[in-house]
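What follows is a set of notes on a single structure, which appears directly below.
The values are calculated or read from the model by the stated rules, or taken from the named source; none is laboratory data. Every value quoted in this text rests on a predicted model; they were computed, and no experiment measured them. With ideal geometry, Cβ positions are generated from the backbone for all residues, glycine too; neighbour counts draw on all protein chains shown.
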Amino acid sequence: MRNVSAREIALLVSKAVEDEGAYANLALNKLLEKYQPGKLDRAFATEIVYGVLRNLNTIDWVLAHYLKQPLASQTIYIRNILRIGTYQIMFMPRVPDSAACNESVNLAKKYGHAGAAKFVNGVLRNVARQQQNLKYPDHEESPVDYIALKYSHPTWLVERWLKEFGYEQTVALCEANNRPAPNTVRTNTLKISREDLITRLKEEGVGARETSFVPEGLNISGFLSYRTLKPFQEGLFQVQDESSMLVAHVLNPSTGAKVLDVASAPGGKTTHLAQIMGDSGRIIACDLYKHKLDLIMDNCQRLGIKSIQTEVADARELYKKYQGWADYVLVDAPCSGLGVLRRRPDARWRKDPSQLPGIVRLQKEILQSAAQCLRPGGVLVYSTCTITWEENIGVVEDFLRGHSEFIMGDLRQLLPSELAKEKTAENGYLQLMPHIHGMDGFFIARMRKKGFE
């Protein structure tokens, strides 16, 4: 196996993302497994890949100041070598500018020609010398352009957030999206307590500290890969963000209940529901694609869960088979994913406002179908990993207007005290924000169908 530097791995990932439409996390993991760099190189490559994607707008704007031809006119390799070099110069102060330039030149020689190497050298040395002289748009005269460039977010998102949240909140949200998300896991309390899992992880050389809100959560650090950890292999934990864990607590299914999870893959919430129920009762996990359901069963086998069965199904059609069947229904709906941009830095550049109406229409259709699967007195939870009004409370309010048999439930007894204080918790829903709550952006609403308990 040939020796490949961290910078070259980052370049190959960048090429796959831009040229092949690959997801950054999957492309990076694939190359890290292929070349197996050391711990420091692994961390360095990861920092560059995600850092470039988080700051792509800003980096391209900076580079445009030192190019006679548009950046798009360069080959895909040279274009991304310039981005990787610029990111190191501007955002990685521990990397000497000379090293960022020289290593970029070496990559240009390998993936270009002699002229390209000289070109890369000249551009990056200009960036290093003159970056402090660049003037961003005025934040008062052009707040959209200023935030979009300073904090590297699409203009349409910045415009939207300024209208919804105001200037300070928009900046704080963009800053939160540009910070690496913690490595959060859920203790599998069917096998081990959180305290004992901390001990086991420390024995593996992994740092672990309790999360702020949920009783099963841990933020862990100091490891190469989840899959290499014995506690993971033994099914002692599941990778899951803290906001996602709150969904199962809000549904709060009782022991022995019948639960329908209508869009369940890859199964983090599904297996959490089984955990809360003591692996009793019956949980039917549905998804459109069998290969996604296979991921759930793989997790069930590792976690030692037996109460979940999977079914390939269109969530919009489930009412035909499960009319009035479930005690609890979870609709973790497909969404725009704007609450998890800190975890998926390439996603912000893949989103488009024209996608939203179609997503909302699908969410409403799924919720309409799922509601019919619930027995009288049953509980319905609707959740998303986004922060848009129309995908969240807008969908719920539209549903309630046409379904008087459903009422919103008070969440305060189901949430930790800090979140129970949120103004909307009493009214049955919660909007979590990365810059306010320190976890992924999530929406959770709880409704009960009127009738006998």
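Taking the criterion of being in a helix (DSSP H, G or I) and without any contact (Cβ under 8 Å) to a residue 24 or more places away in the chain, the residues of the stretch 13-28 that qualify are A16, E20, L26, A27, L28. Considering the stretch 218-232, and only residues there that are over 19 Å from K30 (Cα atoms) and of a type in the set (S, T, N, Q), the residue that is modelled with the highest pLDDT turns out to be N219. Scanning the stretch 155-173 for residues that are free of Cβ contacts under 8 Å to residues at least 24 places away in the same chain and either under 20 Å from the mean Cα position of the chain (by Cα) or assigned by TED's automatic domain parsing to the domain that holds R348 (or both) yields a total of 3.
Just to check your reading of the model, which residue among A10, A99, A72, A43 is of a type in the set (G, A, S), surrounded by 17 or more Cβ atoms within 10 Å (Cβ to Cβ) and not in a loop (DSSP other than H, G, I, E, B)?
Working: A99 fails: surrounded by 17 or more Cβ atoms within 10 Å (Cβ to Cβ); A72 fails: surrounded by 17 or more Cβ atoms within 10 Å (Cβ to Cβ); A43 fails: surrounded by 17 or more Cβ atoms within 10 Å (Cβ to Cβ).
Of A10, A99, A72, A43, the one residue that is of a type in the set (G, A, S), surrounded by 17 or more Cβ atoms within 10 Å (Cβ to Cβ) and not in a loop (DSSP other than H, G, I, E, B) is A10.
Within the stretch 115-144, the only residue that satisfies the criterion of being assigned to a helix (DSSP H, G or I) and touching a Lys or Arg at 6+ places or on another chain (Cβ under 6 Å) is A117.
Being modelled with pLDDT of 95 or more, in a helix (DSSP H, G or I) and closer than 19 Å to N178 by Cβ: is that true of I147 here? Judged against the criteria, I147 is a match. When the stretch 409-431 is filtered for residues that are surrounded by fewer than 17 Cβ atoms within 10 Å (Cβ to Cβ) and within 20 Å of L380 (Cβ to Cβ), the ones remaining, listed by number, are D410, R412, Q413, T424, E426, N427. Within the stretch 111-147, the set of residues being over 20 Å from Y66 (Cα atoms) and in contact (Cβ under 8 Å) with a residue 40 or more places away in the chain comprises Y111 only. Just so you know, in the stretch 212-243 the residues that are surrounded by fewer than 24 Cβ atoms within 10 Å (Cβ to Cβ) and of a type in the set (S, T, Y) include one that is farthest from R282 (Cα to Cα), and it is S221.
So which residues in the stretch 299-313 are among the aliphatic types (A, V, I, L, M) and loosely packed, with under 15 Cβ neighbours inside 10 Å? V312 - this is the single residue of the stretch 299-313 that is among the aliphatic types (A, V, I, L, M) and loosely packed, with under 15 Cβ neighbours inside 10 Å. Set side by side, the residues P434, P357, P353 differ, and just one is over 24 Å from I276 (Cβ atoms) and surrounded by 23 or more Cβ atoms within 10 Å (Cβ to Cβ), which is P434. Taken over the stretch 73-98, residues that are among the small types (G, A, S) and either under 25 Å from L31 (Cβ atoms) or in the same structural domain as L338 (by TED's automatic domain parsing) (or both) amount to 1.
Evaluated against (1) outside the structural domain of F442 (by TED's automatic domain parsing); (2) part of a strand (DSSP E or B); (3) over 21 Å from P416 (Cα atoms); (4) not basic (K, R), L218 falls short on exactly one condition, (3). Only residues that are closer than 26 Å to K191 by Cβ and among the hydroxyl-bearing types (S, T, Y) were counted in the stretch 289-346, giving 3. Looking at S280, S264, just one residue is crowded, with 20+ Cβ neighbours inside 10 Å and in a loop (DSSP other than H, G, I, E, B), and that residue is S264. Looking across the stretch 182-197, not a single residue is in contact with a strand residue (DSSP E or B) (Cβ under 6 Å, 6 or more places away or on another chain) and over 16 Å from V239 (Cβ atoms). Screening S152 on (1) part of a helix (DSSP H, G or I); (2) surrounded by 14 or more Cβ atoms within 10 Å (Cβ to Cβ); (3) within 29 Å of the chain's Cα centre (by Cα) shows it passes everything except condition (1).
Taking the stretch 292-398 as the region of interest, the strands (runs of 3 or more DSSP E) fully inside it that hold 1 or more residues being more than 21 Å from T271 (Cβ to Cβ) are 374-384.
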